[in-house]
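A quick write-up on the structure given underneath.
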Amino acid sequence: MLIRKLLKLSLLLLLLFGVSISFHYQGHVSAESAGTNRIITLTIDNPQADIDGQKTLMPAAPILMKDTSMVPFRFLGELLGAEVGWENSTQTVTLKGTGQTVTLSVGQREASVNGVSTILDQPAAIVNDTTLVPLRFIAESLNRNVAYDNASKVITIVPKEETKPVPPVPEKEAPKKKLEHPTVDNLSLKIGKSYSKICINYLECKSAKTRFVSSFVTDSNDNIYMIDYDAKRQIKYEYLISMYNQKTGDNRKLEQVLNVNEKFDIEYLDKKNQLQSLSYRDLAPEKIFYDEKRDKLYMMASVEKKDIKIVIYEILPEVKLITYNADETLFDEENDIMTTLDGVNLIFSNTFFGSIYSVEAGKERSLKAVIAAEKKPKLVSLIKDNKIYLMDYINKTIHMMREDGRLIEVAKVKMEKIGAAASKGEFFYAADKNGFYKIDVTGKVEDYVKLSELRYNSGLYEPKTKTYDQLVPGNMNFEDLPYSPLIQRGPGGEVVVGTLEMDFFDDTIPVDFAVDSQGNIIIHDNVHKLLRRINVYGYEQ
């Protein structure tokens, strides 16, 4: 009898001990017990979480607020191995873990990661005495990936794949510094715009393009791509995609990497659902775009046909139709953008009507967002922290695109007038008559290059030998220099190419520039018909 009582008492103690452990785990997840390799599954409106296959109860169920998943901050932070802090007077949450410090406050859209400000789609909130925070922002800031299934409303949090460390700079190679006086190299002569006016009568004149290049982009290897047109070529070779290689390029001519020819012929359905054909001869390439993450080049071309106005192709590494617009909608291609987060869905704009579209290759486009602006926008885009940012440099605003497509204005750009803009990496670049500026997604403007501080290298730069060929009569392509009786000459009779002038008053000859991965500015000098490079970083002499 005594033995049975002892057995029952032992069993009861074990059960009580087990319940105690279970209750402690469900109510609090310590930072010490949380690992970086957990796979966490949560469900909207369900307080039960799955952590590596084990069930546990949350203090409150995840909920959706303005399409943002919100969860209890302390539960999530400690589950991800972070040290969690709460300042009651300011209602501020702090999470420290995996080398990251995240700070956000209840009701405030501005948060920070390691001191860098960011704008939240949905701020932290207190619901039923529980502080809830945006799950994706917290998890991704603490180096996790988040997936959300809309049908089942299931959220999955998994570790990010480890990235290989960046190899250190060799000891022999000193790091480049921003030059006090940036230098200018003349890269190639065989480039330029020339226009002639055709007048039907005294009042009716129009400009005719005979030769031009436009829409500059640089790839990850600092090759410079551009649209190249020459009316003197045979019709099937009038439009080309040309390239200048900054390491091995020929300063006498551009490399022709792609002809706009039969590869660009397509069939399409018109508004009456009738099959029609479009020849490459009907295309006028307007703008090219580079996907830095996937090393792909895209092209937007206009069409002068009643039932089709625009066609978008992937052009490198292969020519592939992405989409076309089979209606009479007008476009303003020079001011439009194209970008992609996943390489599948392309985001592109129609600034003529202030619209942003999303399209997957071979499928119908869908309206993504509308740009609200006082003046017709001119756009440049970049991707930072897996979010798309757009700078409208006419209205001087920066917008962030949410996952649902809505545009949120996150900053004003405090510049008097922006004549041209580009982007590279996580920064926008703007130009005015005095020089170039670097702008981050918070709208902070930094002087980048002042034209008054430039120093000019004479001659044509030869990248293979890192020397300069002098521009003298008898030298090949000397005749391609713009003629002027007032042209400056050096002591040996060589042509001294003039200074850069940023003239934004003639819209028919816009200033084209791009920024390479070294931070140098590639610019098409309209006045001197040269491809030129402003060397912003280098080795001080």
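The numbers here are math on the coordinates, done by the rules we state, and not lab data. Everything numeric here is computed off the predicted structure, so don't read it as measured data. Every residue, glycine among them, receives a Cβ derived from its backbone with ideal geometry; neighbour counts consider all protein chains shown.
Of note:
- The spacing between region 274-324 and region 366-400, judged by their C-alpha centroids, is 22 Å.
- The amide H of K287, built 1.01 Å from its N in the peptide plane, has M300 as neighbours under 5 Å, considering only residues 5 or more places off or on other chains.
- Relative contact order computed over region 31-159 (Cα-Cα under 8 Å; 6+ residues apart), in percent: 24 percent
- Region 275-396: relative contact order as a whole-number percent, Cα under 8 Å and 6+ apart: 15 percent
- Estimated translational diffusion coefficient (Stokes-Einstein, Kirkwood radius over Cα pairs, 25 °C, 0.890 mPa s) of region 236-356: 158 µm² per second.
- For I63, nonlocal amide neighbours, meaning residues 5 or more places apart or on other chains whose placed amide H falls under 5 Å from its own, are D45, M70.
- Taking label points 7 Å from Cα along the Cα-to-Cβ direction, T43 and K176 give a separation of 5.4 nm.
- Averaged over residues, the count of other Cβ atoms within 10 Å places the peptides 46-53, 132-139 in the sequence 132-139, 46-53, highest first.
- Of K177/K287; K177/K466; K363/K438; K178/K387, pairs whose Cα-Cα distance is over 25 Å: K177/K287; K363/K438; K178/K387
- Rounded if a/c under 1.5, otherwise prolate or oblate - region 230-306, Cα gyration tensor axes: oblate
- Fraction of alpha-carbon pairs over 25 Å apart in region 31-159 - percent: 16 percent
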